[in-house]
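Accompanying notes for the structure given below.
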Amino acid sequence: MLGPRALFGGIAAAWRGGAGGLQASSSFATGPRQGDGTFYELRTYTVKPDKMKNFLELTSKNIHLRTAHSPMVGYWTLEFGAMNKAFHIWKYESFAQRAAVRAALAKDQEWQGKYMSQMLPLLDKQENEIAYLVPWCELGSPPKDGVYELVTFQMKPGGPAVWGQSFRAAVSAHIKTGYTKLIGVFHTEYGLLNRVHALWWNENPDSRAAGRHYAHEDPRVVAAVRESVQFLESQRNFLLLPTGFSPLK
């Protein structure tokens with residue numbers, strides 16, 4: 001899973017093709033930028049081992065109080081790669097909007113009383129990152145219910161100006177195999193820098209495994225990954241199961 005051939009996977013939901021889809025950047029930029037301020041907050045909660053059932057029941061019952069303030073992209077539990085963790089993604093149009101949402105949540109007595117006061121004792125740890133979609137990818141949607149794979153790449157310092165072209169080429173090579181669907185590729189702005197999260201949809205774990213084996217025999221994939229792996233420091237894969245209240249199923 002961690003070898004060079006396992007570096008990338010997916011099929012793009014939508015591409016902004018060619019140079020026309022990329023935003024101009026100054027000589028001081030680390031790579032092409034998005035044309036708007038939309039960003040995503042990626043949150044990971046580590047739940048106490050004996051409290052996951054309580055956590056999910058409480059969240060399912062009260063998550064509507066949270067989504068009344070801002071849109072949720074998806075909410076999952078981790079099946080493989082880590083245990084007792086919940087992963088969720090929230091969309092914001094600007095940092096000002098997020099600040100306003102956080103302020104409103106702090107004043108929302110129903111949210112604080114029915115959820116936060118009861119949820120926090122169930123957790124061991126909270127983590128978050130702020131990330132942008134890479135300019136050549138749009139947020140996709142699954143064709144039907146399935147499972148998700150979150151692939152986290154820690155790239156060498158320098159940003160997309162250094163490794164972006166090779167990264168995209170490796171993704172493109174996997175896209176041509178057509179065995180899975182890309183939901184989004186996120187590049188961190190806050191958190192560990194030079195980190196890229198790729199979120200893929202698969203019908204089930206077995207179809208994902210079969211597709212990966214097929215892709216690893218494709219010479220286009222092998223060549224592209226050999227080129228891009230020189231910029232990789234580490235990689236970690238997680239299998240995610242969508243919750244019943246997740247918009248992405």
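The values are calculated or read from the model by the stated rules, or taken from the named source; none is laboratory data. Note that the coordinates shown come from a computational prediction; the quantities given were computed from them, not determined experimentally. Cβ sites come from the backbone with ideal geometry, for glycine too, and all protein chains shown count toward neighbours. When the accessible area is computed, the model is the full protein with side chains, heavy atoms only, and any ligands, DNA or RNA have been set aside. Shrake-Rupley method; radii C 1.70, N 1.55, O 1.52, S 1.80 Å.
Residue-by-condition table, conditions (1) at pLDDT 95 or above; (2) among the polar types (S, T, N, Q); (3) over 18 Å from PRO242 (Cβ atoms); (4) in a strand (DSSP E or B):
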residue	(1), (2), (3), (4)
LEU42	yes, no, no, yes
THR46	yes, yes, yes, yes
ASN54	yes, yes, yes, no
LEU65	yes, no, yes, no
HIS69	yes, no, yes, no
TYR75	yes, no, no, yes
LEU78	yes, no, no, yes
TRP90	yes, no, no, yes
- Query: Considering region 202-249 alone, what residues qualify as being at pLDDT below 90 and basic (Lys, Arg)?
  - Reply: ARG208, ARG212, ARG220, ARG226
- Condition met for GLU233 (in a strand (DSSP E or B), within 18 Å of PRO160 (Cβ to Cβ) and either among the basic types (Lys, Arg) or open to solvent by 40 Å² or more (accessible area, probe 1.4 Å) (or both)): yes
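Taking region 191-221 on its own, how many of its residues are open to solvent by less than 20 Å² (accessible area, probe 1.4 Å) and over 26 Å from PRO143 (Cβ atoms)?
Going through region 191-221 one residue at a time, the tally reaches 0.
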- Task: Go through region 117-135 residue by residue and tally those that are closer than 26 Å to PHE186 by Cβ, open to solvent by less than 70 Å² (accessible area, probe 1.4 Å) and either of a type in the set (Asp, Glu) or part of a helix (DSSP H, G or I) (or both).
- Result: 2
- Message: Among the residues in region 166-176, are any among the charged types (D, E, K, R), assigned to a loop (DSSP other than H, G, I, E, B) and either open to solvent by 20 Å² or more (accessible area, probe 1.4 Å) or over 25 Å from ALA86 (Cα atoms) (or both)?
- Response: yes
